Amino acid sequence: MPDAILDDISHRRYNPLRGSWILVSPHRTKRPWQGQQEAASPTTLPQYDPSCYLCPGNKRAQGDTNPEYENKFVFVNDYSAVKEEQAEYQPGDKNGSLSSLLLRADPVTGKCYVVTFSPNHNLTLADLQPSQIVPVIDTWTQLYTAHLSPKSPLAQVANATTRPPASHNHTNLSTPNAQYRYMQIFENKGAAMGCSNPHPHGQIWTTTGLPEEPALELEQLKKYRREQGGMNLLEDYAKLEIEQQERLVFENESFVALCPWWATWPFEVMVLARQHKRALVDLDNVERENLAEAIAEVTRRYDNLFETQFPYSMGIHQAPLEGTDVEIEASHFHLHFYPPLLRSATVRKFLVG
């Protein structure tokens, strides 16, 4: 167990996933609060909103009509952050000039999807039963499989149940026209997180590059595996937290949800696979059901904490779509929940300084 004195003194904690330190000042929680106060604004939404571009049967911004879907729905984002086709750009050779050193840019291509979690406009993941979240996880898995490099060791375990469904009139799940490096699966919930539509949904971005946070983590995971004789950092960490029973939020046979030792946000949560799972395709049917249960439990407890629709940014970190055997084997499937709330439903945490 960590020394009890750390509850009262300033100290820094090491984040082994980033190879960085975070300052912790526990005594500051006792200071009087005369900062921002806002009146709570309850969220009341209809089950169906005729103006919502994600509700069943409605038209989207580009004119396509959504099907009358019954659980989840996936389509290529009408306003994608990255696209498969764009104008060519080749950084010019500026002969070692300052511009070539300091004003660098590289083109990025990819494919972006939107995945609705429910046809009901007024529900969130916290309102869904685990059985209703499983189809969402199945869709994540199918899209990950569709973009997986055939050279990846993971392609050998992607069985028929995770193969992508046939494309139909309402979605564009065709094979991508290039091999992308990484798939970001995430949800930004709530206006506080910049969400532009309250209908329950998440996004999937596939890109040619490796995003910064997963890239930092992958380097640390590889380093730990190399230095610890093939052991897995997050598998070891899950075992440690289960033994200590101090920061656990929820656990089942396959996953553990916890507040990480190095958390930056007051109610930050990680969901970790208890055993070494590299990516979604490593999960069997029971493990996908257990993942759905963990997501349901975390999001429901968030909502119950301040009796509000608790905002957060959630992202899945897993093996890259294309990578070396070392990168694939060092990867460990996990989810990050970054919520901004601090003291109540209306007081937010800001990273300032």
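The values are calculated or read from the model by the stated rules, or taken from the named source; none is laboratory data. This one's a predicted model, so the numbers in the text were calculated from it and none came from an experiment. Don't worry about glycine lacking a Cβ; one is built from the backbone with ideal geometry, like all the others, and counts go over all protein chains shown. In case anyone asks, the SASA skips ligands and DNA or RNA and just uses the protein heavy atoms, side chains included. Shrake-Rupley method; radii C 1.70, N 1.55, O 1.52, S 1.80 Å.
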Dividing the alpha-carbon radius of gyration of the range 55-164 by 2.2 N^0.38 Å (N being the number of residues), what value is obtained?
1.51
State the percentage of accessible surface on the chain attributable to carbon and sulfur atoms; use a 1.4 Å probe and exclude ligands, DNA and RNA.
49
Estimated [θ] at 222 nm from DSSP helical runs (n ≥ 4, -39500 (n - 2.57)) normalised by residues in the chain, nearest 500
-7000 deg cm²/dmol
Among Q245, Q228, W261, flag the residue with its Cα farthest along the positive direction of the charge dipole of the range 162-316, charges on Cβ as +1 for Lys/Arg and -1 for Asp/Glu.
Q228
If amide H atoms are modeled at 1.01 Å from N in the peptide plane, then the residues at a separation of 5 or more from T208, or on another chain, having amide H under 5 Å from its own are T109, R181
Looking only at Cβ-Cβ distances, which cysteines of the chain have no other cysteine closer than 4.7 Å?
C112, C195, C259
Placed amide H near R348: partners under 5 Å, 5+ positions off or other chain:
L342
Chymotrypsin sites (Phe, Trp or Tyr not before Pro) within the range 248-353: which are DSSP loop residues with at most 14 other Cβ atoms inside 10 Å?
F350
Kindly report the accessible area of the chain per residue (heavy atoms of protein chains, probe 1.4 Å, no ligands, DNA or RNA), in Å².
52
So, in the chain, how many Lys pairs have Cα atoms under 17 Å apart, if the pair is 8 or more places apart or on different chains?
7
Inter-centroid distance (Cα atoms) of the range 316-353 relative to the range 49-96, Å:
24
Please report the Cα spread of the chain along all three principal axes, rounded to whole Å, starting with the longest.
60, 55, 49
GluC sites (Glu not before Pro), restricted to the range 277-319: which are DSSP loop and have at most 13 other Cβ atoms within 10 Å?
E307
Placing unit charges on C-beta atoms (Lys and Arg positive, Asp and Glu negative, everything else neutral), compute the dipole magnitude of the chain about its Cα centre in debye, rounded to 20.
800
How long are the semi-axes of the equivalent ellipsoid of the range 200-353, defined as square roots of 5 times the Cα gyration tensor eigenvalues? Whole Å, largest first.
26, 18, 16
